[in-house]
Amino acid sequence: MARTGSSRRTFIAGAGAAAATGALTAGPAQAAGSASGAGAPARRSVAVLGGGVAGLTAAHELAERGYAVTVYERRALGGKARSMDVPGSARGGRRPLPAEHGFRFIPGIYHNLPDTMRRIPFPGNAHGVWDNLVAPREMMFARSGGREDLRAPIPWPEHSPAALTPEELRRALTGILESLVRLPAHETAYFVNRALVFLTSCDERRDEEWERTPWWEFTRAARMSSEYQRILAIGITRNIVATKAEEASTRTVGTLGEAFVFNLLGRGADGPPDRILNLPTNEAWIDPWEAHLRSLGVEFRIGWTVQEVRCENGRVSGVGVLDPAGERRTVTADHYVSALPVEHARRTWSPALRAADPMLGRCDRLETDWMTGIQFYLTARAPLVHGHLNCIDSPWSLTAIQQAEHWPDRDFPADYGDGAAVDCLSVDISEWDKPGILYGKTAKQCTREEVAREVWAQLKAALNDTGRTALTDGALHSWFLDPGVDGLGTPNPTNQDELLIHPTGTLHNRPSAGTRIPNFFLSGDYVAVDIDLATMEGANASARAAVNSLLDREGSTAARCTVAPLYRAPEVEPAKRHDLWRYRLGLRNVFDLG
């Protein structure tokens, strides 16, 4: 499933108010300006609806091709990827404590997003923002109930091995051996066989048979030991695709698992399999991106809420919006790119728009769920892993990372907060509907304070259970829960930033970037692209596909955006071709033991 996107822009802050004075009812066609030079024709205008990764990517690609682009965003640029400030936390000239919707994760299987990052200038970086990516050296499955944690290095040629004390080495070996002893050999062999079945399955079998099969069923997890279920069925899906094994499509889990295996082998990789930013997200990426887009002529309307995309005579005729002052306006442009998350986008599609393209109606079947971050600020650095940790036994499916060590250009206590906090433990809560260990309530049933206490208790249960106290109550400075979550502890809690999930059949309801409406295009992590997962990479790739569709519609001579697919190992292709023959004959994959 970062840093201050609202550091320099609070949700509906002064930037939005200032923008309001510059954009009147005429919309982006006028607001964006026209080509320079006497008698030069007006540039074609595009209204990009939404300022998350998809919207900013679309704006970037369009601006580079000479379009007049205006981005409309109701809160802050960056969307779920942004970072934000903890209100009232700054003291003594320091910056506010950094917070985020959830920690950033940019693995080496991504190619489109890194390409964009290389094209965003950053002072002192030869490769722009991309040079702000750093690679944690290890990861950990944190076990509860007195089990030693399973700690492992992340193999990569450029990594120096993590320094381990004799005690840490003892614990690491104990964790590995405990897992080997408790995980029956025949179950390990079976899982390897299932991986081989998927690896050699043809695209048709993946898109049909495995898309209809939950990962839990594909791996026969219900018949296996609890160790198999926690590590191989549940743990892997949480780490790789941040989804639930019991309902996730095997196609989705398997495709991403395959990509990560090739990444570990150095095949088709942009970099190491685990990368994060070396600063809070807005400092490292979003703010430089905004500055670069402004230099390309992109205009931003922050605090503008998209309400309805209108359609007349088969074309989008305008977009109804609310400006920061709450006044209703109509935005008009030559083209429109909807870059809102699907749960927000589909509410803006008018009946006439939906009638013009029935594909939009299928998006109503796409599902979202809660996956939200909470940050704990510590007065002492906790002796955890040098990278991500997955509390695979926690009821709320917690994953986390300690951030300060990965921000070498920041002295955390000198730069942030009141000087007492020295680190930020950023935690993602992936399960909001199962009872916790403190109150016996689900996360949605808890108040915000109860959520914080419950998460802290589950972290301690996973990290303090083998004789070492990694987290102490005395070191807890403060906490911050994503403000997009509201109404916790009431009958109707809400979340403004839900995550697209991938239950079986999802693939066939995902729309293409181009629609039947000639001036309307879709971008977002719900749009069908090669990486079948709700990711920043998917958002980026879909925006590129939307721009290409727009260029095709106009018959533009501009270069098309490159949309890099996931890596395909050439050695496996003959086996896939053989499986295609078997699939069309109604036969199982040759390695499938059932």
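The values are calculated or read from the model by the stated rules, or taken from the named source; none is laboratory data. The shown structure was predicted, so the numbers you read here are calculated from the model rather than taken from an experiment. Ideal geometry is used to build each Cβ from the backbone, glycine not excepted, and the neighbour counts take in all protein chains shown. What goes into the accessible areas is simple: the full protein's heavy atoms, side chains included, and nothing from ligands, DNA or RNA. Shrake-Rupley method; radii C 1.70, N 1.55, O 1.52, S 1.80 Å.
For segment 482-494, a tally of residues being part of a strand (DSSP E or B) and open to solvent by 20 Å² or more (accessible area, probe 1.4 Å) returns 2. Per this entry, residue 479 is counted among residues that are closer than 25 Å to residue 373 by Cβ and either of a type in the set (Phe, Trp, Tyr) or in a strand (DSSP E or B) (or both). For segment 496-515, filtering for residues that are of a type in the set (Lys, Arg) and either outside any loop (DSSP other than H, G, I, E, B) or open to solvent by less than 10 Å² (accessible area, probe 1.4 Å) (or both) leaves 0.
Working only within segment 74-85, note down all residues that are open to solvent by less than 20 Å² (accessible area, probe 1.4 Å) and either aliphatic (A, V, I, L, M) or over 14 Å from residue 100 (Cα atoms) (or both). Steps first, answer last, please.
In the first step, residues of segment 74-85 are kept if they are open to solvent by less than 20 Å² (accessible area, probe 1.4 Å); the result is 76-79, 81-84.
Residues satisfying the conditions are 76, 77, 81, 84.
For segment 556-594, a residue qualifies if it is of a type in the set (Gly, Ala, Ser) and either part of a helix (DSSP H, G or I) or modelled with pLDDT of 95 or more (or both), and the qualifying residues are 556, 558, 559, 564, 575, 586. Screening segment 84-107 for residues that are at pLDDT 95 or above and of a type in the set (Gly, Ala, Ser) and picking the one that is farthest from the chain's Cα centre (by Cα) gives 92. On the stretch given as segment 520-539, residues that are out of contact with any Leu (no Cβ under 8 Å at 6 or more places or on another chain), assigned to a loop (DSSP other than H, G, I, E, B) and under 16 Å from residue 47 (Cβ atoms) total 1. If we keep just the residues of segment 341-372 that are among the small types (Gly, Ala, Ser) and in contact with a Cys (Cβ under 9 Å, 6 or more places away or on another chain), which is most open to solvent (accessible area, probe 1.4 Å)? Per the stated criteria, the residue is 355.
Of the residues making up segment 180-210, those that are in a helix (DSSP H, G or I) and within 19 Å of residue 147 (Cβ to Cβ) are 180, 181, 182, 187, 188. Selection of segment 333-358 for residues being in a helix (DSSP H, G or I) and within 21 Å of residue 540 (Cα to Cα) yields 342, 343, 344, 345, 346. Please specify each residue of segment 214-228 satisfying the condition of being hydroxyl-bearing (Ser, Thr, Tyr), in a loop (DSSP other than H, G, I, E, B) and surrounded by 15 or more Cβ atoms within 10 Å (Cβ to Cβ). If the condition is that a residue be hydroxyl-bearing (Ser, Thr, Tyr), in a loop (DSSP other than H, G, I, E, B) and surrounded by 15 or more Cβ atoms within 10 Å (Cβ to Cβ), then 219 is the only one that fits. With respect to the stated conditions, residue 549 is over 18 Å from residue 365 (Cβ atoms), over 12 Å from the mean Cα position of the chain (by Cα) and among the polar types (S, T, N, Q).
Yes or no, residue by residue, for (1) among the aromatic types (Phe, Trp, Tyr); (2) open to solvent by less than 30 Å² (accessible area, probe 1.4 Å); (3) closer than 22 Å to residue 499 by Cβ:
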residue	(1), (2), (3)
524	no, yes, yes
535	no, yes, yes
542	no, yes, yes
555	no, no, no
572	no, yes, no
575	no, no, no
582	no, no, no
589	no, yes, no
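Does segment 197-208 include one or more residues that are at pLDDT 95 or above, open to solvent by 20 Å² or more (accessible area, probe 1.4 Å) and more than 21 Å from residue 261 (Cβ to Cβ)? Scanning segment 197-208, I find at least one residue that is at pLDDT 95 or above, open to solvent by 20 Å² or more (accessible area, probe 1.4 Å) and more than 21 Å from residue 261 (Cβ to Cβ), so the answer is yes.
Please verify whether segment 281-293 includes one or more residues that are among the aromatic types (Phe, Trp, Tyr), touching a Lys or Arg at 6+ places or on another chain (Cβ under 9 Å) and at pLDDT 95 or above. Before you say what the answer is, go through the steps one by one.
To start, the set of residues in segment 281-293 that are among the aromatic types (Phe, Trp, Tyr) comprises 285, 289.
From what is left, the residues that are touching a Lys or Arg at 6+ places or on another chain (Cβ under 9 Å) are 285.
Now restrict to residues that are at pLDDT 95 or above: 285.
Checked against the condition, which is being among the aromatic types (Phe, Trp, Tyr), touching a Lys or Arg at 6+ places or on another chain (Cβ under 9 Å) and at pLDDT 95 or above, segment 281-293 yields at least one hit.
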